Amino acid sequence: MIIIVQILVIIFFWINMLLIVTFLKTESFHTSARYLLFALTLLSDSFLLVLSDVLLLLTALKVPMPVWLYIIVYFVVLLYNMVTPITLTAMTLERYAAICMPLRHAELCSTRSTVHCILIIHGISSVPSIAILSVFFASAPTSIYKQNMVCSVEIFILYPWHNHLRSTISQFFFFIMCIIIIFSYYKIMKVAKAASGENKKSTLRGLTTVILHAFQLLLCLIQLWTPFIEAAVLQIDLRLYGIVRYVNYVIFVLASRCLSPLIYGLRDETFFLALKRFYRS
């Protein structure tokens, strides 16, 4: 199982790196909100793939890590675990602005606005990790930081209410993002019904992108709930817990991250042509 996971990680990482290099080599992408946000998802997904894969190997091999070091790694992993779904939500709003507010799209989605948006995305993404770690720091004895433990998110669950806090944060983010996706879908749907000819074709393409974003976002957000599923399975059977953990990692981490290259890379005609030019060169 772990060998298959390593092969998938290498494949997805290589594809992401190829698309990142294509983005860097094509100057026209550097001033487009659409492609800047796409590049952010590629970078955060690649970073998350490497870190989570290292943690997976350490856990599988039962290699202990100093708790203070794991706290730093956990903060970074949780941060970039949230960056992708929040960026997808921002990309959905960009499609909404492009289709439903075409006259203001250039103003709302300028390069300057996109840079500010990226900073805001990182700020919002850090909220769950700051909240969870703040509670942990307030509750944990100082001696725990000197210990060596096998990497596991359960380290930060000292009391049952800690688990409830994580659940509340996950559900809150899920609720807000679902509202944005549904709102964007409804508005684009209204424009699609009123459009005709080339406008209708472009609008329907944007609507398809929103649907794909919603599916990818669902996989990313389900990943926030996997710790609770794994904790319940752990009470039943240890071997089943190991299998469920690997399956969750493949479906909700690897699979959800590999959709970004398909939605905004290979599926996008402009980016696909740039990719072909780069590959041929």
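The values are calculated or read from the model by the stated rules, or taken from the named source; none is laboratory data. Model, not experiment: these values are computed from the prediction. Cβ coordinates were reconstructed from backbone atoms using ideal geometry, including for glycine residues, and neighbour counts include every protein chain displayed. In case anyone asks, the SASA skips ligands and DNA or RNA and just uses the protein heavy atoms, side chains included. Shrake-Rupley method; radii C 1.70, N 1.55, O 1.52, S 1.80 Å.
A Cβ-based charge dipole, computed about the Cα centre of the range 114-200 with Lys and Arg at +1 and Asp and Glu at -1, lands at about 300 debye. On a per residue basis, the chain carries 52 Å² of accessible surface, using protein heavy atoms and a 1.4 Å probe.
Given a 1.4 angstrom probe, I'd like the percentage of the accessible area of the chain that is carbon and sulfur, rounded to a whole number. Write down the numbers at each step before the final one.
Values: 10480 of 14680 Å².
Here carbon and sulfur together make up 71 percent of the probe-accessible area.
Short version: what are the Cα gyration tensor semi-axes of the range 17-76, square root of 5 times each eigenvalue, largest first, in whole Å?
On the way: eigenvalues 218, 29, 10 Å².
Each semi-axis is the square root of five times an eigenvalue, giving 33, 12, 7 Å.
Seen against the Cα atoms of the chain and their longest principal axis, helix 111-139 is set at about 20 degrees. Residue-wise HN-Hα couplings along the range 211-219, as the Karplus relation 6.51 cos²θ - 1.76 cosθ + 1.60 with θ = phi - 60° gives them from phi, are 5, 5, 4, 4, 5, 5, 4, 4, 4 Hz; Gly and Pro carry x. Working from Cα positions, state the angle (0 to 90°, nearest 10) between the long axis of helix 67-100 and the longest principal axis of the chain. Helix 67-100 sits at roughly 20 degrees to that axis. What would the Debye formula give as log10 I(q)/I(0) at q = 0.11, 0.13, 0.14 Å⁻¹ for the alpha-carbon point model of the chain, no solvent? With no solvent term, the Cα-only Debye profile gives -0.69, -0.94, -1.06. Sequence-ordered 3J(HN,Hα) estimates for the range 36-41 from the Karplus curve with 6.51, -1.76 and 1.60 and θ = phi - 60° stand at 5, 5, 4, 4, 5, 5 Hz, glycine and proline given as x.
The count of lysine pairs in the chain that are at least 8 places apart or cross chains, and whose C-alpha atoms lie under 29 Å apart, stands at 9.
Charged side chains reduced to their Cβ positions (Lys and Arg at +1, Asp and Glu at -1) give the chain a dipole of some 680 debye around its Cα centre. For residue 65, the amide hydrogen comes within under 5 Å of the amide hydrogens of 149, 150, 151, counting only partners 5 or more places away or on other chains and with H modelled in the peptide plane.
Calculated on the alpha-carbon coordinates, the convex hull of the range 35-158 measures out at 107 cubic angstrom per residue. Only protein heavy atoms count here; on that basis, with a 1.4 Å probe, residue 2 has an accessible area of about 50 Å².
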